[in-house]
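One structure is given below, encoded as structure tokens.
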Amino acid sequence: MPRARSHVLQVAATVHGGRAALHHDARHVIDFSVCLNAHGPAPVVRAAIRDCAVDEYPDPTSHDARAIAAARWHRPIDELILGAGSAELIQAVCFAYVEPGDGVLVMAPCFGEYARAAQLCGAQVQTALTTDDLVRRIADRPKLVFLASPSSPIGQQESLHTLQLIADACRAVDALLVLDQAYDGFTAAPHGTPALPGHSHVLHLRSLTKDHALANVRVALGVASPEVVRALEAVRIPWAASGAAQAAVIAALSDEAEAHARVTTELLRHEAVRMRTALQGIGFSVLASDTHYFLVECQNAAHARTWLIDHAALLVRDGTSFGLPTHVRVAARHTEDNDRLIEALARFRSTLSRSTHDAS
């Protein structure tokens, strides 16, 4: 039996949210663990996916979808690449640029696929916990720097000034900044895509699976210099973006679908504010967020997740894989769902109070 590369077998799988992780029929469970638009895609997007010809090969260049995105975002088409979700483009940029032993810098806590993709390529992954620390560590000349704005799981949006400073620091040492803007559409003041147009050392990632609720379609766009786009295209499998994904992009970037996303994400953001206030009112410590998702301190995240599944059929994101074992991440949904979670967390908190009292 031939042996796989040793470092590949040592890279752990990334933990993700979603009901699929429950490994059984969980359609009755309300999912707060994924940061999607609970209102679903716009009707025009659903129709485009439904009408896709499943018996034809997709355009391997995704030309029409890239052209629509280029026109919407006022960029040349050769700066656009379409991927099967941000995760595929994250792997592509690592495969294209990272050699064994290269340094890769990640702003933490964050999406686990950044480090995993880099480790699969043999990179030495370092983390920074603040943007000041990130800029200092860029002086060590990493090959890639990963930063999300807004971040996940915290939901913090960096200012354009800060993003520009980080991008310029990368350019000074010839590093590539991978700026993940997956949740930009959930903020009150989105930076837009790309946040730093024309910057030679930035790859912008813009997932449409979040605010347009297309998680099962797997689609994201990358915006970068033509040189970076060509490097990513060179390492990808043929037909990486399906015909359904390409049709979804064309429809999602229409005026109708963009308006649907704006209205519904605003509703979710307001719901999140209401939820944070309610949870603080019953004694929870809740972190501030610029998005519709946020972190709740609950002593033991794994226990809280299990309790909520078993006692309320609600799923939250255990923060342990982010290095936050005392926090769960919650994404706002419809008002009635959110009320159920608030009530269930109040009951959960009462069990913690009883346990503390019994222990004393």
Residue under evaluation Gly198, criteria (1) within 23 Å of Tyr97 (Cα to Cα); (2) touching an Asp or Glu at 6+ places or on another chain (Cβ under 9 Å); (3) buried (at least 20 other Cβ atoms within 10 Å of the Cβ), criterion not met: (3)
Out of Gly319, Gly323, sole residue that is out of contact with any Cys (no Cβ under 7 Å at 6 or more places or on another chain), small (Gly, Ala, Ser) and surrounded by fewer than 20 Cβ atoms within 10 Å (Cβ to Cβ): Gly323
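Criterion first (of a type outside the set (S, T, N, Q) and in a helix (DSSP H, G or I)) does Ala272 satisfy it?
Here the answer is yes, as Ala272 does meet what is asked.
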Enumeration of residues in the range 305-343 that are under 18 Å from Asp25 (Cα atoms) and of a type in the set (A, V, I, L, M): Leu308, Ile309, Ala312, Ala313, Leu314, Leu315, Val316
Filtered residues of the range 54-111 (kept if of a type in the set (Asp, Glu) and more than 18 Å from Ser254 (Cα to Cα)): Asp55, Glu56, Asp59, Asp78, Glu79, Glu88, Glu99, Asp102
Residue satisfying all of: in the range 121-155; in a helix (DSSP H, G or I) and surrounded by fewer than 17 Cβ atoms within 10 Å (Cβ to Cβ); farthest from the chain's Cα centre (by Cα) among these: Arg136
Residue list for the range 290-319, filter: more than 26 Å from Thr265 (Cα to Cα) and either under 17 Å from the mean Cα position of the chain (by Cα) or in a loop (DSSP other than H, G, I, E, B) (or both): Cys298, Gln299, Asn300
Evaluation of Ala53 against (1) at pLDDT 95 or above; (2) not in a strand (DSSP E or B) (one fails), failing number: (1)
Residue list for the range 1-24, restricted to those being over 25 Å from Tyr114 (Cα atoms) and either modelled with pLDDT of 95 or more or more than 25 Å from the chain's Cα centre (by Cα) (or both): Met1, Pro2, Arg3
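Do any helices (runs of 4 or more DSSP H) entirely within the range 159-259 hold 3 or more residues that are more than 30 Å from Thr131 (Cα to Cα) and without any contact (Cβ under 8 Å) to a residue 40 or more places away in the chain, and if so, which?
Passing ranges: none, list empty.
Each row is one residue, and each column tells you yes or no for (1) small (Gly, Ala, Ser); (2) under 23 Å from Ala213 (Cα atoms); (3) in contact with a Leu (Cβ under 8 Å, 6 or more places away or on another chain).
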position: Pro2; (1), (2), (3): no, no, no
position: Arg5; (1), (2), (3): no, no, no
position: Val15; (1), (2), (3): no, yes, no
position: Val34; (1), (2), (3): no, yes, no
position: Ala38; (1), (2), (3): yes, yes, yes
position: Val44; (1), (2), (3): no, yes, no
position: Ala53; (1), (2), (3): yes, yes, no
position: Pro58; (1), (2), (3): no, yes, no
position: Thr61; (1), (2), (3): no, no, no
Tally of residues being in contact with a strand residue (DSSP E or B) (Cβ under 8 Å, 6 or more places away or on another chain) and without any contact (Cβ under 8 Å) to a residue 60 or more places away in the chain across the range 88-104: 6
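Select from the range 75-87 the residues that are part of a helix (DSSP H, G or I) and in contact (Cβ under 8 Å) with a residue 24 or more places away in the chain and list them in ascending order.
Matches in the range 75-87: Asp78, Glu79, Ser86, Ala87.
If we scan the range 276-286, do we find a residue that is in the same structural domain as Thr335 (by TED's automatic domain parsing), in contact (Cβ under 8 Å) with a residue 60 or more places away in the chain, assigned to a helix (DSSP H, G or I) and not polar (S, T, N, Q)? Walk me through how you get there before you give the answer.
We begin by selecting, within the range 276-286, every residue in the same structural domain as Thr335 (by TED's automatic domain parsing); these are 276-286.
Remaining after also requiring in contact (Cβ under 8 Å) with a residue 60 or more places away in the chain: 278-279, 282-284.
Next, from what is left, pick out any that are assigned to a helix (DSSP H, G or I): 278-279.
From what is left, the residues that are not polar (S, T, N, Q) are 278-279.
Taking every residue of the range 276-286 in turn, at least one turns out to be in the same structural domain as Thr335 (by TED's automatic domain parsing), in contact (Cβ under 8 Å) with a residue 60 or more places away in the chain, assigned to a helix (DSSP H, G or I) and not polar (S, T, N, Q).
The values are calculated or read from the model by the stated rules, or taken from the named source; none is laboratory data. The model shown is predicted, which means the values in this text are computed figures rather than measured ones. Because the Cβ atoms are built from the backbone with ideal geometry, glycine has one as well, and the counts that use them run over all protein chains shown.
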